[in-house]
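S.K.: Can you read through this structure? Questions will come right after.
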Amino acid sequence: MAMTIHVDIVSAEKSLYSGTAEMVIAPGQRGELGIYPRHTPLLTTLKPGSIRIKVPNQTEEELVYVSGGILEIQPHLVTILSDSAIRGADLDEAKALEAKRAAEEAMKDKAASIDYAKAQAELAEAVAQLAAIQKLRKRV
């Protein structure tokens, strides 16, 4: 039997995943983090992207999109807290494309009094959602 680590992914609205995993891959601020059982304790922030979970006795990875958040790693526990998170299967490509288009337009309009940091964050989230959708398509 493979060694496992317990994983909890929680958003402001609900718990999205709670179970065991052989491996977790998360989008850290400075690059992707590969997490295996007995990982060194770590606390870091996440950027928008997909969390990939290798579940024991399952060929397909579980995919959860997070808009950013906090990752805490203990030797036998991974906890991810995010303002918003969506299961990979629930991602809406049309909605993500529309959000990307709206953020790009807002950033192009120099005369508008918009918050560029907010527009950039919305653009980053939309691009990360689209990347997660592409990963799901490659598996099919």
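S.K.: Go through the range 33-79 and report how many residues are under 24 Å from LEU130 (Cβ atoms) and of a type in the set (A, V, I, L, M, F, W, C).
M.R.: Looking only at that region, the number is 9.
S.K.: A follow-up question, please. Kindly indicate the residue of the range 69-93 that is open to solvent by 70 Å² or more (accessible area, probe 1.4 Å) and farther than 20 Å from GLY34 by Cβ and also modelled with the highest pLDDT among those meeting that condition.
M.R.: Filtering first and then ranking leaves ASP83.
S.K.: Taking the criterion of being β-branched (Val, Ile, Thr), crowded, with 17+ Cβ neighbours inside 10 Å, modelled with pLDDT of 70 or more and in a strand (DSSP E or B), would at least one residue in the range 119-136 satisfy it?
M.R.: No, that holds for no residue.
S.K.: A follow-up question, please. Among the residues of the range 31-68, write down those that are surrounded by fewer than 18 Cβ atoms within 10 Å (Cβ to Cβ) and of a type in the set (S, T, N, Q).
M.R.: Selection gives THR40, THR44, THR45, ASN57, GLN58, THR59.
S.K.: Condition first: open to solvent by 20 Å² or more (accessible area, probe 1.4 Å), under 14 Å from LEU71 (Cα atoms) and of a type in the set (S, T, N, Q). Now tell me which residues in the range 1-30 satisfy that.
M.R.: GLN29
The values are calculated or read from the model by the stated rules, or taken from the named source; none is laboratory data. This one's a predicted model, so the numbers in the text were calculated from it and none came from an experiment. Using ideal geometry, Cβ is built from the backbone for each residue, glycine included, and neighbour counts are taken over all protein chains shown. Side chains are part of the model used for accessible areas, which takes the heavy atoms of the whole protein and leaves out ligands, DNA and RNA. Shrake-Rupley method; radii C 1.70, N 1.55, O 1.52, S 1.80 Å.
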